[in-house]
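A.B. asks: Shown below is the structure under consideration.
What follows is calculated from the coordinates using simple rules that are stated; it is not laboratory data. Just so it is clear, the model here is predicted, and its values are computed rather than measured. FYI the Cβ positions are ideal-geometry reconstructions off the backbone, even for glycines, and counts take in every protein chain you see.
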Amino acid sequence: MAKVLVVTSGKGGVGKTTSTAALGAALAQNNQKVAVVDFDVGLRNLDLIMGAEQRVVFDLINVIKGDAKLSQALIRDKRIDTLSLLPASQTRDKDNLTEEGVARVISELREQFDWIICDSPAGIERGATLAMRHADVAVVVTNPEVSSIRDSDRIIGLLDAKTEKAEQGDRVEKHLLLTRYDTARAQRGEILKVDDVLDILSIPLLGIIPESPDVLRASNIGAPVTLGSPNSVAARAYLDAARRLSGEVIAPQEKRGLLSKLFTRRAA
Amino acid sequence: MNIFKFLNRRTSAPVARERLQVLLAHERTIVGGQDDLVATLREEILAVIAKHMAVEHDNVQIKMDRGASVSTLEVDIEIPTAKTGMRPAA
């Protein structure tokens with residue numbers, strides 16, 4: 001059955017779009033049918049990170065308003081044919097995102113794909129709440145930094161209150177993706193450690209993406225890092241995270257005892 | 001700079017951790033539906049005072065300090081004397 005996944009964070013610039021592209025590509029690389037949907041109306045960027053910026057004809061708003069069919073707006077990835085992109089509108093504003101329209105598009109996507117990955121805009125306004133509205137699973141992208149953690153906590157509260165699942169008395173499955181993590185700095189006590197972040201946010205860990213030049217390089221060339229530099233540490237971390245999302249139990253890349261312990265930890 | 005300060009200079013992460021734990025403990029109660037008690041008190045105290053006298057907004061100092069176990073609300077109101085016109089608010 002199709003799963004709707006929202007990649008969210010509250011704070012901007014922590015790696016939502018990068019992570020959406022990398023996780024979407026990674027799932028598609030495992031032969032899953034994946035649609036990545038950009039909800040950042042007015043400030044779209046997922047097309048750029050996916051390397052499809054020259055191929056956008058129709059967008060999410062066109063589909064919602066009935067100007068285009070879903071099949072016309074979906075852009076199939078040139079590298080993996082099980083991966084598709086539904087871009088956001090760059091010219092309209094977010095008021096065009098309607099609750100019913102989004103519900104209709106999501107349910108239509110559910111019929112065609114295994115995973116629908118919604119790339120949330122920053123903030124907690126319309127775009128962000130609609131991106132999480134129909135989620136079965138949430139990936140909360142967090143940097144080991146106080147403002148990012150505070151915003152993630154707020155988002156976790158919204159996932160538990162404002163989603164369709166929450167309103168039906170069910171729960172959205174939540175996962176923490178810690179990005180831009182620098183192990184050496186954490187060891188020196190300059191930034192929060194994985195353990196600190198897990199203690200504070202109390203949701204299970206999906207992956208730790210190290211601060212890496214490969215991620216920037218991937219965005220420069222318009223390829224999700226799992227496709228552009230598949231052997232890099234960051235790509236391997238994303239590939240593992242994608243397999244965990246599919247339900248596999250995977251030990252972390254670094255076979256250190258401490259890290260594998262962190263991954264088996266559940267929320268308090 | 002003394003040696004103690006030097007050694008502690010780099011380990012700011014524990015401070016971050018502690019600040020977050022205190023802050024989020026408060027913010028979670030707000031998102032959870034209940035109002036923030038301290039903020040509610042502040043609003044209601046001001047409303048009660050406004051009912052009985054005209055208080056210049058600049059003459060009210062409010063300090064809030066949220067701690068891990070105890071929070072304090074300090075309301076400092078400059079009440080005008082009868083001469084300068086103590087009267088019920090319009």
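A.B. asks: Taking the mean number of other Cβ atoms within 10 Å as a proxy for protection, how do you rank B:13-22, B:43-52, A:44-53 from highest to lowest?
C.D. replies: Numbers: B:13-22: 15.4, B:43-52: 12.2, A:44-53: 21.9.
Per-residue mean Cβ counts within 10 Å order the peptides as A:44-53, B:13-22, B:43-52.
A.B. asks: May I pose another question? Given a Förster distance of 35 angstrom, what is the FRET efficiency for A:GLU53 paired with B:ALA68, based on the Cβ-Cβ distance and rounded to 0.05? Before the final figure, lay out the partial values.
C.D. replies: Numbers: r = 48 Å, r/R0 = 1.38.
The formula returns an efficiency of 0.10 here.
A.B. asks: Counting only DSSP beta bridges with both residues in region A:1-115, tell me the antiparallel percent, nearest 5. Please report the intermediate quantities before stating the final value.
C.D. replies: Working: 2 of 8 bridges.
Roughly 25 percent of the beta bridges in region A:1-115 run antiparallel, per DSSP.
A.B. asks: Over region A:25-151, what portion of Cα pair distances is larger than 20 Å, expressed as a whole percent? Each step should come with its number before you reach the end.
C.D. replies: Numbers: 3332 of 8001 pairs.
Pairs farther apart than 20 Å: 42 percent.
A.B. asks: What share of the DSSP beta bridges in region A:3-264 is antiparallel, in percent to the nearest 5? Don't jump to the answer; show the numbers that get you there.
C.D. replies: Values: 2 of 30 bridges.
Approximately 5 percent, going by the DSSP bridge assignments.
A.B. asks: A further question follows. With θ set to phi - 60°, apply the Karplus curve 6.51 cos²θ - 1.76 cosθ + 1.60 along region A:64-77 and write out the HN-Hα couplings as whole Hz, x wherever there is a Gly or Pro.
C.D. replies: Along region A:64-77, the couplings run 5, 7, x, 6, 8, 7, 4, 5, 7, 8, 5, 10, 7, 5 Hz.
A.B. asks: Cα atoms only: what Rg and Dmax, in Å, come out for region A:119-268?
C.D. replies: Over region A:119-268's Cα set, Rg and Dmax evaluate to 15.6, 45 Å.
A.B. asks: Lysine pairs in chain A with alpha-carbon atoms under 15 Å apart, 8 or more places apart or on different chains: how many are there?
C.D. replies: So the count works out to 9.
A.B. asks: What average count of beta carbons from other chains do you get within 10 Å of the Cβ of residues in A:160-168? Intermediate results must be reported in sequence, preceding the final value.
C.D. replies: Details: counts 2, 3, 1, 0, 0, 0, 0, 0, 0.
Counting Cβ atoms of other protein chains within 10 Å of each residue's Cβ and averaging gives 1.
A.B. asks: Give me a comma-separated list of calculated 3J(HN,Hα) values for region A:186-202, in order, Karplus coefficients 6.51, -1.76, 1.60 applied at θ = phi - 60°, integers in Hz, x for any Gly or Pro.
C.D. replies: Each residue's phi maps through the Karplus curve to give 5, 4, 7, x, 7, 10, 5, 7, 3, 4, 4, 5, 5, 4, 6, 8, 6 Hz.
A.B. asks: Let me ask another. Please report the base-10 log of the normalised intensity I(q)/I(0) for the protein assembly as shown, using a Debye sum with one equal scatterer per alpha carbon and no solvent, at each q in 0.08, 0.10, 0.14 (1/Å).
C.D. replies: For the protein assembly as shown at q = 0.08, 0.10, 0.14 Å⁻¹, log10 I(q)/I(0) is -0.48, -0.69, -1.11.
A.B. asks: Moving to a separate point now. Averaged over peptide A:142-149, how many Cβ atoms belonging to another chain are found within 10 Å of each residue's Cβ?
C.D. replies: Values: counts 0, 0, 2, 1, 8, 1, 0, 5.
Whole-number average of other-chain Cβ neighbours for A:142-149 is 2.
A.B. asks: For peptide B:20-28, compute the average count of partner chain beta-carbon atoms within 10 Å of each residue's beta-carbon. Kindly include the intermediate steps, with their values, before the conclusion.
C.D. replies: On the way: counts 11, 3, 0, 5, 9, 0, 0, 4, 4.
Per residue, the average neighbour count from other chains is 4.
A.B. asks: Using θ = phi - 60° and the Karplus relation 6.51 cos²θ - 1.76 cosθ + 1.60, list the HN-Hα couplings for region A:100-112 in order, rounded to whole Hz, with x at every Gly or Pro.
C.D. replies: 5, x, 5, 4, 5, 5, 4, 5, 5, 5, 4, 6, 10
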